[in-house]
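A short write-up of the structure that comes next.
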Amino acid sequence: MPNGMRQRIFEGPAVTVSSNRTYLAGSVALALLAGVATPNVARAEQVGDVSFDWILDTPGLSKPYFFGISGDGSTLFGQGTIAGPGYPAFLWAQDGITQLEFLPNGGDRGAPYAANFDASVIVGESARGTTDWQAVRWVYNGEAYRIESLGILDGGDWSQAVGVSDNGSVIVGSSDSSDGGRAVRWTDGSITNLGVLAGGTNSYATGVSGNGTVVVGTSTSTIGKQAFRWTEGGGMVELGILDGYSSSEATAISNDGNVIVGYSRDDRHVSQAFRWTAQEQMVGLGFLEGGDRSVARDVSADGSVIVGYSIVDGNYSGAFVWAEATGEMRSLAAILTEAGLSLDGISLIDAIGVSDDGTVIVGKGTLNEADRSYIARIGSGQTALIDVAEMQQSLASTSAAMDAGLGAGNLIINGGHSHPLASRIAPEKQTAWIAGDVGVIDRNGADGAAGFGEFGLGRNFGPVQVNLSGGFSRARQDMPYGGRAEVGGYFIMSEALIPLRDDVWATFGGYADWGSADIRRGYLNGAAVDYSAGSPDSATYGFRARLDWDQGIRLGGLGLSPFADFRYTSTRLDAYTETGGAVPATFDARTDHSTEISLGVNGSVPVTENVTLLATLDATHRFEKQGAGVSGQLIGLSAFDFAGASTDQDWLHGGIGIESKAGAGKLSLTANATTMGNAPNYWLALRWQAQY
């Protein structure tokens with residue numbers, strides 16, 4: 001249980017703390033992409049707390065626990081610890097992370113449990129220390145969220161809000177009172193005690209319909225705990241108990257309020273899932289084949305699809321789907337297998353949430369030999385089973401295209417143009433050259449390659465030498481599961497070499513590279529590998545400013561030329577939509593930047609009249625600490641927004657080579673290596689240049 005959360009009045013499997021049920025079809029999946037159990041539902045106590053540090057970019061924030069998601073899929077909410085007092089409530093949205101206010105006058109803890117459709121209203125509780133927990137709502141006023149206490153029943157000392165209607169005007173939860181714990185409903189700033197069933201002493205609400213008129217929960221009664229349905233006109237009405245059982249508890253309600261699901265349980269804690277409607281009353285849903293217990297977790301918007309788990313052979317190994325069309329409880333694993341998916345080594349333990357249209361199911365299981373959250377899609381489109389943690393990695397891995405683009409641009413400047421004074425010619429002379437670099441990437445398990453080829457012309461006008469070149473660039477970066485990102489384009493580059501004095505030169509240059517990327521993203525669909533691909537346009541721009549002290553240090557025949565080099569590179573990848581595969585995605589446009597400064601020295605020593613040995617050594621610092629993020633939409637499922645990965649900020653580069661006369665010009669070959677950074681680990685640079 002997360003820090004700061006009190007034990008609920010009643011305990012039992014699948015006690016759902018739910019808010020509205022109106023949300024976009026399939027948006028339930030985003031909750032799992034961020035480690036949330038189910039949309040608009042605080043299930044941390046039932047499902048377990050999952051920490052995903054990758055989503056955080058707030059300094060000092062740790063141990064995040066996600067409690068739910070807004071109906072439109074835009075905002076996650078949860079709790080975490082941060083440097084300083086208490087346990088704050090947080091929102092994770094497209095525009096970053098927001099820490100929600102505490103109650104004034106010493107509040108230091110907060111927990112958001114539900115959001116309305118567009119996350120303009122968040123409900124939960126806040127406290128001072130470990131006492132005085134109060135139900136609160138955070139309301140967005142156009143600029144920030146402001147906290148408001150919802151109040152407590154007379155004679156009580158705590159309250160909590162757990163559900164909210166679509167428009168945020170109706171909030172449900174529980175409050176202590178002089179008579180004990182009570183289910184409550186807040187409207188227009190006032191609190192209403194929903195009471196208890198006849199003979200009962202305690203009650204609590206677990207959900208509310210989309211329009212806020214129907215509340216469900218559980219209350220004690222003369223015959224034990226019973227699920228209830230409350231309406232303003234009819235009050236609290238018990239839903240009954242399945243034959244042969246001794247209690248019932250409600251876990252979720254359809255958006256229109258007509259279907260309620262939950263479970264009945266006997267004195268041995270053996271349970272059976274139920275579906276309640278006014279026409280049919282409480283009907284047991286049975287068990288999976290070989291099972292003897294079941295619990296309903298969630299229900300689709302129209303009440304036609306119910307999901308949960310059934311215990312088979314004493315193990316929580318049976319996520320189920322019940323469909324009104326057939327009246328049959330079926331194993332989710334069987335449905336997926338019949339659709340052609342391989343589930344070798346996969347166990348679907350529990351189905352926790354279902355989308356409005358009943359086609360997207362989320363839950364937990366054993367995937368890739370680990371306890372994981374999953375997203376399953378059935379009934380329409382392509383059937384899919386996604387390992388949430390693995391899908392996160394797959395989507396984030398598309399940053400390889402950005403890395404490849406930066407790597408190609410880096411190679412142009414730091415490879416073929418790493419020693420601009422090598423292209424100097426005499427005043428009033430012209431020059432022409434051809435050059436090419438090719439290298440390999442073997443860093444952090446991401447194999448790849450990069451290279452370029454160019455043709456250039458230059459003229460020394462006396463006060464300045466101007467060079468102009470053009471060519472092509474190519475880069476490839478491998479991705480998980482056989483995926484690959486390939487970036488290719490054509491570039492132009494210009495440089496100006498300006499003598500500040502006889503032995504000090506300034507170089508200014510810029511280049512632009514236009515092309516496209518071919519990105520094939522691999523991921524697991526069930527136990528098999530699947531691929532989706534896209535081909536966005538790309539563009540890379542760069543600028544450099546450099547000072548060289550030519551032969552500033554002489555050690556016998558060895559000449560050393562210290563230099564300082566400033567470089568800026570920007571790579572943009574346009575938005576694109578993948579095709580193929582069971583789970584394609586759309587990706588937003590991304591731009592990554594690299595701002596670097598290098599200090600180093602070039603060395604040369606003549607071996608013969610026509611042959612010179614070359615060497616270079618430099619240290620580079622990159623100012624950006626983080627690369628570009630990855631955001632977009634899993635088509636038909638959910639949005640995603642991942643922060644960029646940490647960048648290499650400091651590295652060394654070294655090279656050794658040879659230069660000799662070749663025909664009417666000179667030919668150089670240099671072998672280079674870097675410790676990290678954007679450039680390849682190793683590359684060869686070949687250049688032939690003539691003066692005329």
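The values are calculated or read from the model by the stated rules, or taken from the named source; none is laboratory data. Note that the structure is a prediction, hence the values are computed from the model and not measured. Cβ atoms come from the backbone with ideal geometry, glycine included; neighbour counts cover every protein chain shown. The area values use the complete protein model at the heavy-atom level, side chains included, leaving out ligands, DNA and RNA. Shrake-Rupley method; radii C 1.70, N 1.55, O 1.52, S 1.80 Å.
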key: Number of the exception - residue 477 against (1) crowded, with 17+ Cβ neighbours inside 10 Å; (2) among the polar types (S, T, N, Q); (3) at pLDDT 90 or above   = (3)
remark   = Only unsatisfied item for residue 461, checking (1) among the aromatic types (Phe, Trp, Tyr); (2) open to solvent by less than 20 Å² (accessible area, probe 1.4 Å); (3) free of Cβ contacts under 8 Å to residues at least 40 places away in the same chain, is (2)
key: Subset of the range 351-385 [out of contact with any helix residue (DSSP H, G or I) (no Cβ under 8 Å at 6 or more places or on another chain), part of a strand (DSSP E or B) and charged (D, E, K, R)]   = 371, 377
Test set (1) among the hydrophobic types (A, V, I, L, M, F, W, C); (2) within 19 Å of residue 309 (Cβ to Cβ); (3) crowded, with 22+ Cβ neighbours inside 10 Å - residue 343 fails condition number = (3)
key: Failed criterion for residue 393 (all others in (1) open to solvent by 10 Å² or more (accessible area, probe 1.4 Å); (2) modelled with pLDDT under 80; (3) within 18 Å of the chain's Cα centre (by Cα) hold)   = (2)
query = Could you say whether any residue in the range 617-632 is closer than 21 Å to residue 685 by Cβ, assigned to a strand (DSSP E or B) and either open to solvent by 40 Å² or more (accessible area, probe 1.4 Å) or small (Gly, Ala, Ser) (or both)?
reply = yes
request  = Just need a number here: residues in the range 281-293 that are over 13 Å from residue 228 (Cα atoms) and either modelled with pLDDT of 95 or more or open to solvent by less than 30 Å² (accessible area, probe 1.4 Å) (or both).
outcome  = 6
ask   = Looking at the range 185-234, what strands (runs of 3 or more DSSP E) fall wholly within it and have at least 1 residues that are open to solvent by 30 Å² or more (accessible area, probe 1.4 Å) and closer than 28 Å to residue 271 by Cα?
value = 226-231
message = Tell me yes or no: at least one residue of the range 115-129 is open to solvent by 50 Å² or more (accessible area, probe 1.4 Å), modelled with pLDDT under 75 and assigned to a strand (DSSP E or B).
response = yes
message = Can you go through 683, 651 and tell me which one is part of a strand (DSSP E or B), surrounded by 21 or more Cβ atoms within 10 Å (Cβ to Cβ) and among the hydrophobic types (A, V, I, L, M, F, W, C)?
response = 683
query = Hey, residue 240 hits all of (1) within 22 Å of residue 123 (Cα to Cα); (2) in a loop (DSSP other than H, G, I, E, B); (3) open to solvent by less than 40 Å² (accessible area, probe 1.4 Å) but one; which does it fall short on?
reply = (1)
ask   = In the list 401, 389, 408, which residue meets the criterion of being at negative phi, touching a Leu at 6+ places or on another chain (Cβ under 6 Å), touching a residue at least 12 places away in the same chain (Cβ under 8 Å) and not charged (D, E, K, R)?
value = 401
ask   = Residues of the range 243-265 being part of a strand (DSSP E or B), open to solvent by less than 10 Å² (accessible area, probe 1.4 Å) and of a type outside the set (Asp, Glu), which ones?
value = 248, 250, 251, 252, 253, 260, 261, 262, 263, 264
